[in-house]
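One structure is given here, and the rest of the page talks about it.
The values are calculated or read from the model by the stated rules, or taken from the named source; none is laboratory data. Owing to the predicted nature of the structure, the values given are computational and were not obtained by experimental measurement. Every residue, glycine as well, gets a Cβ built from its backbone with ideal geometry; the counts of neighbours run over all protein chains shown. Quick note on the areas: whole protein, heavy atoms, side chains included, nothing else; ligands and nucleic acids left out. Shrake-Rupley method; radii C 1.70, N 1.55, O 1.52, S 1.80 Å.
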Amino acid sequence: MRIHDNQARSFLIEKGVFTLNESENLKRGLKNRHIQLIAIGGAIGVGLFLGSAKAIQAAGPSLMISYLIFGVIVFFMMRALGEMILYKPISGSFSDYAQEFIGPWAGFFTGWTYWFAWIVTGMAEITAVGKYMTFWFPNLPQWIPALIALIFVYLINLVAVKLFGEFEFWFALIKIVTILALLVIGILMITTGVGHEGQPVGISNLWKHKGFFPHGIIGMLLTLQMVVFSFQGVELVGVTAGEAEDPEKTIPSAINNIIWRILIFYIGALFVIMAIYPWIQLDGSSSPFVLVFENIGIPAAAAIINFVVLTAALSSCNSGIFSTGRMLMTLSQHKHAPKSLAKINRRQVPSVGLTVSCFVLLIGVVLNYFVPEKAFVYITSVATIGTIWTWGMIVFTHIKFRKAMKAKGKNSPTFKMPGAPITNWIVLIFLAIVIVMIGIDKDARVALYVAPFWFGLLIIGYFFTRNQNQKNSSINHEKID
């Protein structure tokens, strides 16, 4: 049964799978190719191109094990999300599921945490766009390209969901082509010696320098929080479900391919980089991708990678505005945010939510130039905690979802999370380990200091909105009487 079909839609509305407003107002304009590339783009961030050298220094070749383990964890998390998406393919996704199967507080906390995580990520990325542009225009004030980029992605999202999908498709394609070029060039250097005076490099660099685990198992585990940040955005597939043309077909396909994409793009790229260069030589002063491309004789290597990370940052901003607009709409529909945020324009996009998110992003860009750098780091650290919270809520909500389906005597969708509920608890335990590792790492533990303040604000906000809703409900009942 195709969700966008009128008869199927009417059936789902009748059964309460989604409300009339949700199903009728948002346009299902994202095609299969959009969803597939959004899934890839969400799994490949700026960190792979620029920040991988720092992670390599922390773990050496064993970093590949971190990505492999966490790739499996992400796959299970996404399978849990995918099962719930096929039950109810809407833009609110995990916030809506938490609301339904855990309670209103869970929907409130998850929706607002996800919104804020993307907002602060967007602040960092939009500022990064300004910095990347100085590569070509060193005298250009950073705020100008940052502002232009923000207006650009805002207009993309405001026009139509299909336009958002098209830009994400091409942004992701640029990253894919770059990684594939690295893999081809790297394999030629390893096997034939191209770019290395005809002498095959081989793969002995993976164990020659203090072994495969140069800093032990702890060194590998300490990179997990970096890996989490790398995969931030992979859950965006869930937010696109409400506007996918055929979610029953596209969502399972996109999720099932995640593990292979991680193996090829992350582990494949790291394998090639650390086989060619001893990991102790990758000090983080330049991108490993630039080193490989320069070695093969490409003079514009630095400019190419700068262009790639520029598009990756734009992609992150584009995704952030898309997801925050939809999340504000969902929060509004559940009376966790002002009613106006649920408004849909004639192009069938949540224009008010998009505008509010962009305005907050604009404030963040301005503040970034006035607030001390450490203070900005404290704010953006919520993004990591927000990602862990969101992923944890997805798999915990899935446990509740399965119990609810069983209690009602209903079968859950055929696209099931393998090994549930055991795999659910494995994912949750693993996320807890990541939090412990964040606490051990002196550079990352600031996230744990900030988190209590954020969740304290959420507690206050939840009780305030609940009391307001109760007052409004009482007033409405009095008017009816």
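Take the solvent-accessible surface of the protein heavy atoms, probe 1.4 Å, and return the percent of it on the stretch 186-260 that carbon and sulfur atoms account for. The partial results should precede the final answer.
Working: 1990 of 3100 Å².
Of the solvent-accessible surface of the stretch 186-260, carbon and sulfur hold 64 percent.
Based on alpha-carbon centroids, what's the gap between the stretch 413-473 and the stretch 235-298 in Å, whole number please?
The stretch 413-473 and the stretch 235-298 have Cα centres separated by 26 Å.
What dipole magnitude, in Debye to the nearest 20, does the chain give about its Cα centre under +1 on Lys/Arg Cβ and -1 on Asp/Glu Cβ? Please list the in-between numbers first.
Details: 36 positive and 23 negative charges, 219 e Å.
In total the dipole reaches around 1060 debye.
By the gyration tensor of its Cα atoms, with a ≥ b ≥ c the square roots of the eigenvalues, what is the shape of the stretch 26-180: rounded for a/c under 1.5, prolate for a/b over b/c, or oblate?
Working: a/c = 1.67, a/b = 1.22, b/c = 1.36.
Oblate shape, in that a/c is at least 1.5 and b/c is the bigger or equal ratio.
With the contact rule set at Cα under 8 Å and sequence spacing of 6 or more, what percent relative contact order holds for the chain? Can you show the working numbers first?
Details: 721 pairs, mean separation 152.4, N = 481.
Here the relative contact order equals 32 percent.
Based on alpha-carbon centroids, what's the gap between the stretch 305-361 and the stretch 113-131 in Å, whole number please?
12
Among 138, 388, 338, which residue has its Cα furthest toward the positive end of the charge dipole of the chain, with +1 on Lys/Arg Cβ and -1 on Asp/Glu Cβ?
Towards the positive end, the residue furthest out is 338.
For the cross-link pairs 27/88; 343/400; 54/442; 31/339; 249/403; 175/208, which exceed 19 Å when the distance is taken from alpha carbon to alpha carbon? Display every interim value, and only then the final one.
On the way: 27/88 16 Å; 343/400 31 Å; 54/442 15 Å; 31/339 30 Å; 249/403 25 Å; 175/208 31 Å.
Exceeds cut-off: 343/400; 31/339; 249/403; 175/208.
By how many degrees, 0 to 90 and rounded to 10, does the Cα axis of helix 143-159 deviate from the longest principal axis of the chain?
Taking Cα atoms only, the helix is inclined about 50 degrees.
I'd like to check one number: the per residue accessible area of the stretch 164-316, probe 1.4 Å, reported in Å² as a whole number. Show your work: numbers first, answer last.
Values: 5710 Å² over 153 residues.
For the stretch 164-316, the solvent-accessible area averages 37 Å² per residue.
With only Lys, Arg, Asp and Glu charged, each at its Cβ (+1 for the first two, -1 for the last two), find how big the charge dipole of the stretch 359-478 is about the Cα centre; round to the nearest 20 debye.
740
For helix 422-440, what angle does its Cα long axis make with the longest principal axis of the chain, in degrees from 0 to 90 and rounded to 10?
With both axes taken from Cα atoms, the answer is about 60 degrees.
Go ahead and estimate [θ] at 222 nm for the chain from helices alone: -39,500 (n - 2.57) per DSSP H run with n ≥ 4, summed, over the residue count, rounded to 500.
Details: 22 runs with 344 residues, N = 481.
When only DSSP H runs of four or more count, the value is -23500 deg cm²/dmol.
Would you mind telling me the share, in percent, of accessible area of the stretch 38-125 contributed by carbon and sulfur at probe 1.4 angstrom? Don't skip to the end; give the middle numbers.
On the way: 1210 of 1690 Å².
Taking all protein chains in place, the stretch 38-125 shows 72 percent carbon and sulfur surface.
Which one, 126, 272, 99, projects farthest toward the positive side of the charge dipole computed for the chain from Cβ point charges (K/R +1, D/E -1)?
Farthest towards the positive pole: 99.
Could you work out how far apart the two model spin labels at residue 294 and residue 339 are, taking each label as a point 7 Å from the Cα in the direction of the beta carbon, and quote it in nm?
Computed distance between label sites residue 294 and residue 339 equals 6.1 nm.
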